[in-house]
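What follows is a set of notes on a single structure, which appears directly below.
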Amino acid sequence: MAWNEPGGEKRNPWNRPQQSQNDLDDVLRNLQRRLSALFGRGGNGGSPASPSFARGLTTVLVLIGIVWIASGMYRVDAQERAVVLRFGKYEGTVGPGYNWHLPWPIERKVIVNVSQQYSIPDDARMLTADTNLVEVRSAVQYTQPDPRKYLFKVKDVEDTLRQISESALREAVGQAALDRALAFDPAITDHARATLQRTLDTYDMGVRIISVTLQEVVVPEPVQDAQRDAIKADKDRQRYQQDAESYKNDVVPRARGEASKQLLDAEAYRQQVLALAQGETSRFDQVLEQYEHAPAVTRERMYLDTMQEVYKNAHKVIVDTKGSGNMLYLPLDKLISPASGGTNAGDTMTLPQTRIPEVQVSPPEDPARARGVR
């Protein structure tokens, strides 16, 4: 059937907008009917029941308000802290337990775990104190006990912490020798941790460093040959130093001992000479005292003692007879030595019958008497 035939007006394309409008009206009426049934309106299109509609709308609004207010309830665990923000501004920090804040968009919370340990790895090449290049792989363990500082003092905590930890570790490794670094010396990590914590306290970041760990310390492959040569040269230097130190430890004590011995010998000689001098002085004083009491007797005694000291070891004596030109020779050395002259110890030597004149030895004249001094 054509559109211009009787009964074909419904298929007229020019009438399609009108049909769509009628369908939309039907949908709106169905929706109105359902809402009227929900809030107490009649389903027959009559006048709305105003009190029932108001009560239903109020109930819906109350339910929405209750849900909105309840959205501000939250729970904080024992190891956590909640930072409350009001329109983006810090309002306060809430501890563990059930808490409530004004619902979004007025306030919101940020939960921060203050007990959990976090770790930041790092890998960098560094120079040791003896100018050796090493590749250090480390990790820093930390906690965030102050949520407010952790959230607001620094924009990117992990990146900042990584850069500071690498700087602190470079300082610690730069003060240690290669063998200490390769041996994971605890002094390196202790120094790095102290430096890192001191820097973070200066930044006031609210971060506490638990430990700094050296996971791997190796010499880069491109410099291993040169590194071996440098290590060998350093060990040779240490060996030469040890040899020199051993030589010094051997020579210096002996020299000091010799010097001490010479000092002791000199002191002993000084004491000996001093004692002899004091003895001679004392003996002279005693002789002088006796000489002052009896000059002649003392002088005679001194003369005899001197002669005895002079002649006690003499083996030959020449006697000059007074007033005669003859000289007598007595072989006293043969008389004293019984085995000399080809005679036995028991043999007796016969002396010639020679008369030995008597010799009178007079003491020297007193110089004081010769000068006429009494």
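Provide the per-residue ³J(HN,Hα) series for segment 64-71, in order, calculated from phi with Karplus coefficients 6.51, -1.76, 1.60 and θ = phi - 60°, each as a whole number of Hz, with x at glycine and proline positions.
3J(HN,Hα) across segment 64-71, in whole Hz: 4, x, 4, 5, 5, 5, 5, 5.
Which ordering of Val67, Val114 is given by a fewest-first count of other beta-carbon atoms within 10 Å?
So the ranking, lowest neighbour count to highest, is Val67, Val114.
Measure off 7 Å from each Cα along the Cα-to-Cβ vector at Lys248 and Glu292, then give the distance between these two points in nanometres to one decimal.
Placing both labels 7 Å beyond Cα along the Cβ direction yields 6.4 nm.
For segment 205-282, what class follows from the C-alpha gyration tensor (a ≥ b ≥ c being the square roots of its eigenvalues): rounded when a/c is under 1.5, otherwise prolate if a/b is larger than b/c, else oblate?
Numbers: a/c = 10.61, a/b = 2.75, b/c = 3.86.
Taking the square roots of the gyration eigenvalues as a ≥ b ≥ c, segment 205-282 is oblate.
So if the hydrodynamic radius of segment 88-132 is defined as the Kirkwood radius over C-alpha pairs, what does Stokes-Einstein give as its diffusion coefficient at 20 °C and 1.002 mPa s, in µm² per second?
Working: Rh = 15.5 Å.
Reported coefficient: 138 µm²/s.
Could you calculate the contour length gain from Val223 to Asp201, that is, 0.36 nm times the residue separation minus the distance between their Cα atoms, to one decimal place in nm?
4.1 nm
Multiplying the sequence separation of Ala78 and Met302 by 0.36 nm and subtracting their Cα-Cα distance, what value in nm do you get?
Working it through step by step, the gained length comes to 69.1 nm.
Taking +1 at the Cβ of each Lys and Arg and -1 at the Cβ of each Asp and Glu, which of Gln238, His191, Val212 sits farthest along the dipole of segment 181-240 towards its positive end, judged by Cα position relative to the Cα centre?
Going by the charge dipole, the pick is Gln238.
Relative contact order for segment 118-219 using alpha-carbon pairs under 8 Å, separation at least 6, rounded to a whole percent?
41 percent
Fully extended, how many nm does the chain gain between Arg55 and Ala230 (0.36 nm per residue separation, minus their Cα-Cα distance)?
So the extension gain works out to 53.8 nm.
Given axes a ≥ b ≥ c from the Cα gyration tensor, I'd like to know whether segment 177-238 is rounded (a/c under 1.5), prolate (a/b larger than b/c) or oblate.
Verdict is prolate for segment 177-238.
Bear in mind these aren't lab numbers, they're just calculated from the coordinates by the rules spelled out. Source: prediction; values computed, not measured. Every residue, glycine as well, gets a Cβ built from its backbone with ideal geometry; the counts of neighbours run over all protein chains shown.
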